[in-house]
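**Student:** Sharing a structure, written as structure tokens. Questions coming.
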Amino acid sequence: MSATEMTAAARWPTRTCDLEGTLRPAEVVTGVRRGAFGLYQRRVRARVFGEPRFEAELVPAEVDPARPHVIAYAAWSRMRDAAVADGIDARDLAIHSAYRSVALQVEVWAYRLDERRRARADAGLPALSERDLARLQMKWTAKPGSSAHHTGFALDLGLYRLGKRGSKTAPAYAWLAHHARRFGFYPYLPEGWHWEYNPPGLVSRLARLRAALARGDEPGDLLGPPMRIPIARPRSG
Ligand SMILES: [Zn+2]
């Protein structure tokens, strides 16, 4: 642990946080209170938000190859800056993976299902029906069409590299537990690296952004406080 990490760990102790006063269960879409931080989930529903409808909704690949949604990216960059200013390792907050299309998930799903089928055969286990195999697979891979990553609002952060246990004991996780909500991000409790941008009012803000893009207008303040990235404009001609 580096000196900076130790400072951050001391500042964000893992057991003394009490978020009782900030919990508002009525807002919870899918909520579970669990763990030392009293964290709860507020999941992004792929069926509600859908896939991005305009190319300009996603951050250009040259800015971030993970291509998060521009609204989430704007909030994430403010959150990352605040975390780094508090001594958190920037690598833990970097975006490892964000937008994944339904088409890509179809490929990933088929590949993983096949892998599992072969692994069972190799281990001499009885073959499962497609239905049972899929049910087993759903514990590990999101079924195409259901992943929060389809929206661009789910971010897998650099905490990913620390693994299931390590991601939740890192100072960056403690920092996120205390502050992410202020920036509109909520955890997915089984994976310490997976955070979803889903503040109250996001559905209507997204609808207004799409309406603006359909008219060819600038997104303006729909992205929140000043953006740090160029917005991809539809190519002319
Ligand atoms: Zn994820």
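**Student:** Of the numbered conditions (1) over 30 Å from residue 203 (Cα atoms); (2) assigned to a strand (DSSP E or B), residue 111 fails exactly one; give the number of that condition.
**Tutor:** It fails just one condition, (2).
The rows are residues; the columns are (1) of a type outside the set (D, E, K, R); (2) modelled with pLDDT of 90 or more; (3) exposed (fewer than 15 other Cβ atoms within 10 Å of the Cβ).
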position: 11; (1), (2), (3): no, no, yes
position: 19; (1), (2), (3): yes, no, yes
position: 31; (1), (2), (3): yes, no, no
position: 48; (1), (2), (3): yes, no, yes
position: 82; (1), (2), (3): yes, yes, no
position: 114; (1), (2), (3): no, yes, yes
position: 117; (1), (2), (3): no, yes, no
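**Student:** Given 67, 53, which one is within 13 Å of the chain's Cα centre (by Cα) and outside any helix (DSSP H, G or I)? Talk me through it step by step, then tell me what you get.
**Tutor:** On the way: 53 fails: within 13 Å of the chain's Cα centre (by Cα).
After ruling out the rest, the residue left standing is 67.
**Student:** Right, residue 134: open to solvent by less than 70 Å² (accessible area, probe 1.4 Å) and either under 17 Å from residue 43 (Cα atoms) or not assigned by TED's automatic domain parsing to the domain that holds residue 91 (or both) or not? It would help to see each step written out before you state the result.
**Tutor:** Numbers: open to solvent by less than 70 Å² (accessible area, probe 1.4 Å): yes; either under 17 Å from residue 43 (Cα atoms) or not assigned by TED's automatic domain parsing to the domain that holds residue 91 (or both): yes.
Taking the combined requirement at face value, the residue satisfies it.
**Student:** Moving on. Residues that are within 11 Å of the ligand (Cβ to nearest atom) and closer than 17 Å to residue 74 by Cα: list the strands (runs of 3 or more DSSP E) wholly contained in the stretch 127-213 that include at least 2 such residues. Let's see the steps before the verdict.
**Tutor:** On the way: elements: 154-157, 185-188, 191-197.
Filter on the stretch 127-213 gives 154-157, 191-197.
**Student:** Could you tell me which of the residues 167, 146 is open to solvent by 40 Å² or more (accessible area, probe 1.4 Å) and of a type in the set (S, T, N, Q)? Don't jump to the end; show me each part of the working.
**Tutor:** Working: 167 fails: open to solvent by 40 Å² or more (accessible area, probe 1.4 Å).
So the residue among 167, 146 that is open to solvent by 40 Å² or more (accessible area, probe 1.4 Å) and of a type in the set (S, T, N, Q) is 146.
**Student:** Enumerate the pairs (first residue in the stretch 90-118 and among the β-branched types (Val, Ile, Thr); second residue anywhere and modelled with pLDDT under 90) with beta-carbon separation below 6 Å, excluding pairs fewer than 6 apart on the same chain, so at least 6 apart or on different chains.
**Tutor:** 102/144; 102/145; 106/144
**Student:** Any residue in the stretch 202-221 that is at negative phi and touching a Ser or Thr at 6+ places or on another chain (Cβ under 8 Å)?
**Tutor:** Within the stretch 202-221 (the criterion being at negative phi and touching a Ser or Thr at 6+ places or on another chain (Cβ under 8 Å)), the answer is no, since none of the residues qualifies.
**Student:** I'm trying to understand the selection: among the residues of the stretch 178-223, which are of a type in the set (D, E, K, R) and open to solvent by 10 Å² or more (accessible area, probe 1.4 Å)?
**Tutor:** From the stretch 178-223, those of a type in the set (D, E, K, R) are 181-182, 191, 196, 205, 208, 210, 215, 217-218, 221; that's our starting set.
Selection gives 181, 182, 191, 205, 208, 210, 215, 217, 218, 221.
**Student:** Go through 71, 88 for me and flag whichever is farther than 24 Å from residue 201 by Cβ, open to solvent by less than 20 Å² (accessible area, probe 1.4 Å), modelled with pLDDT of 90 or more and hydrophobic (A, V, I, L, M, F, W, C). Don't jump to the end; show me each part of the working.
**Tutor:** Details: 71 fails: farther than 24 Å from residue 201 by Cβ.
Only one candidate qualifies: 88.
The values are calculated or read from the model by the stated rules, or taken from the named source; none is laboratory data. Bear in mind that the values here come from a model prediction, so they are computed numbers and not experimental data. Virtual Cβ from ideal backbone geometry, glycine too; neighbours counted across all protein chains shown. Protein only, heavy atoms only, side chains kept; ligands, DNA and RNA dropped before computing areas. Shrake-Rupley method; radii C 1.70, N 1.55, O 1.52, S 1.80 Å.
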